[in-house]
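Inspection log for the structure reproduced underneath, given as structure tokens.
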Amino acid sequence: MRDLFDADPGRFERFSLECGPIFLDYSKNRITEDTLRLLTELAESVDLADWMLRMRRGDHINVSENRAVLHTALRNRGNEPVLVDGQDVMPAVREVLQKMRRFSESVRQGEWLGFTGQRITDIVNIGIGGSDLGPMLVARALRPYGSVGIRTHFVSNVDGGHLSETLVKLDPATTLFVVTSKSFTTPETLLNATSARSWLVRRLGSEAAVARHFVAVSTNTQAVTAFGIDPAHMFEFWDWVGGRYSLWSAVGLTVAIQIGMDHFEAMLAGAHEMDQHFFSQPFERNIPVLLALLGIWYNTCFGAHTHAVIPYDQSLARLPAHLQQLDMESNGKRVTRDGFTLDFDTGPVIWGEAGVNCQHAFFQLLHQGTRLIPADFIVPMKTLYPLGNHHDILIANCLAQTQALMRGKSEQEARQELAAQGLSGEALAQLLPHKVFPGNQPSNTIMLDKMTPHALGSLIAMYEHKVFVQGVIWGLNSFDQWGVEYGKQLAQRIIPQLADEVDTHEHDASTRGLIARYRRLGHG
Ligand code: F6P
């Protein structure tokens, strides 16, 4: 890459793109124009444009679940209809957005009161996976846009510590629980919701309190009603919205209450802007398509197994976790959509951590380890937290890391540096190999204007489309997640066996031994 930069002073301009608040510099990649031409030919060879059209027009591209994939409809700001099985879904989408607006405003204005007549001050989202990670990321990133009197909390883990630690800080009289579950059958979520309800009823002394302190977000009216939540307090979404793509639906209700519906809709508008870019731009000028192709270039052609996501922004600390679900649940597949076993690698391991902290944790391996690790660096140009020169230092670190990864430090440069420090002879020779950086490590730098609802919407939508494009190129159905089911089934079998002397011979010796040990020494 060093040579490519030296040979072409226009490389930055040539390999950078803009869409609204998003600026992508992809010049620090192992690519030439020829590489890009070949990669876009690859995209053409799998009929990517046709797959994009099929998604957009509501075809059932989630073949194993026989469903359309239309999270883009949730943020459609235009007037055109979006058809699913011949029916325009836009009126229902707008109706739920209106219902979210009315409800979130009534909570924020103190019109929606708790059972004892007090204002709501704390919202607890109970959900897991896509019903947790997206809203949690956004709530954290957009906290400065929040209402002063309202705090949000996210409880996902069935580990009782998660709920207990949250409740201990809360007053039931001023707490609203938003039970968020597409299926409303996820055991972790239902158990957390049940325990939260017991806490509330015990503390407020009446079952009638539930109606003022519990609302639900789901596709499953029957299960919501069976749980004891009035369907009038249920916010609907639809089976054509995948869990990890559901942030834009009523799953964002907690966020909407926190930041207000105008900001929530600004986030939808940012995502819609990215959708329009994605659906209209030629592949070689299309940000999600390029990111996808670059990922495939390293994954398939260089054998890179992982992809790092490094936000230089503390408020995006949960972005790697959200993208883990988005990418790994979507493209962690080993058969094609037609069921044929693949003989090449598909979705990479996604991982990461906020910079600069990660520099002091895992960057050593990026700089001098043996593996190729492509990375995305995400950084806002303006900060929402002006504090002395903190932001300049943050930016300088981000730029320095991508530069160091790209340039490395040659043996000759390291030698000169050591000599300038007064070293020579054997002392210099001994230290020299430790001071050499091979470089040539690829990265994308994604600059946001500023952390706004609009920019965040564009950023997340960008990654959604990247994942979709990669799935198309690998021939996958990116919208099911059967792999998650098996462990869930086994857990249901084991639960009763922990409590009773039930026969456990169906299990392997390890699982049997661990159950026996837990029966003897464990339990809460
Ligand atoms: O992890 C599997 C999964 O089905 C995810 O796809 C989903 O986001 C999560 O569980 C939660 O599901 P639900 O919203 O139905 O509770």
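A few points about this structure:
- Rounded to the nearest 10 degrees, the inclination of helix 287-296 to the longest alpha-carbon principal axis of the chain is 70 degrees.
- Rg followed by Dmax, in Å, when the chain is reduced to its Cα trace: 25.3, 83
- Charged neighbours of Leu83, selected by a Cβ distance under 12 Å, balance to -2 (K, R count +1; D, E count -1).
- Debye, to nearest 20: dipole size of the range 73-265, +1 on Lys, Arg Cβ, -1 on Asp, Glu Cβ: 500
- Selection from Ala256, Ala375, Met52, by position along the positive dipole direction of the chain (Cβ): Ala256
- A cut-off under 13 angstrom between Cβ atoms defines the neighbours of Arg318, and their net charge, with Lys, Arg +1 and Asp, Glu -1, is -1.
- Nearest-ten-degree value, helix 390-407 long axis tilted from longest Cα axis of the chain: 50
- The chain - percent relative contact order, Cα under 8 Å, separation 6 or more: 19
- For the range 300-387: rounded, prolate or oblate by the Cα gyration tensor [a/c cutoff 1.5]: oblate
- With Cα atoms, 0 to 90° folded angle of helix 425-435 axis to the chain main axis: 40
- Pairwise label distance in nanometres, Arg77 with Leu4, each label 7 Å out on the Cα-Cβ vector: 3.4
- Non-local lysine pairs in the chain, meaning eight or more places apart or on different chains, with alpha-carbon distances under 23 Å, amount to 13.
- For the pair the range 15-36 / the range 251-301, the C-alpha centres are spaced 16 Å from each other.
- Residue among Thr194, Ser218, Leu83 farthest towards the positive dipole end of the range 73-265, charges placed on Cβ: Thr194
- Within the chain, helix-based [θ] at 222 nm, where runs of 4 or more DSSP H residues each add -39,500 (n - 2.57), nearest 500: -14000 deg cm²/dmol
- Cut-off 17 Å (backbone N to label point 7 Å along Cα→Cβ of Ile395), residues of the range 8-38: 21-25
- Each Cα pair under 8 Å and six or more residues apart adds its sequence gap; the mean of these over the residue count of the range 73-265 is a relative contact order of 28 percent.
- Charge dipole (Cα centre; +1 on Lys/Arg Cβ, -1 on Asp/Glu Cβ; no other charges) of the range 116-206 amounts to roughly 240 debye.
- Whether the range 73-265 is rounded, prolate or oblate, judged on the alpha carbon gyration tensor where a/c under 1.5 counts as rounded: prolate
- Difference of contour (0.36 nm per residue) and Cα-Cα distance, Glu95 to Leu387: 100.9 nm
Every number in this text was worked out from the coordinates using simple rules, so none of it is lab data. Not measured: the values here are computed from a predicted model. So basically every Cβ, Gly included, is an ideal-geometry build from the backbone, and we count neighbours across all protein chains shown.
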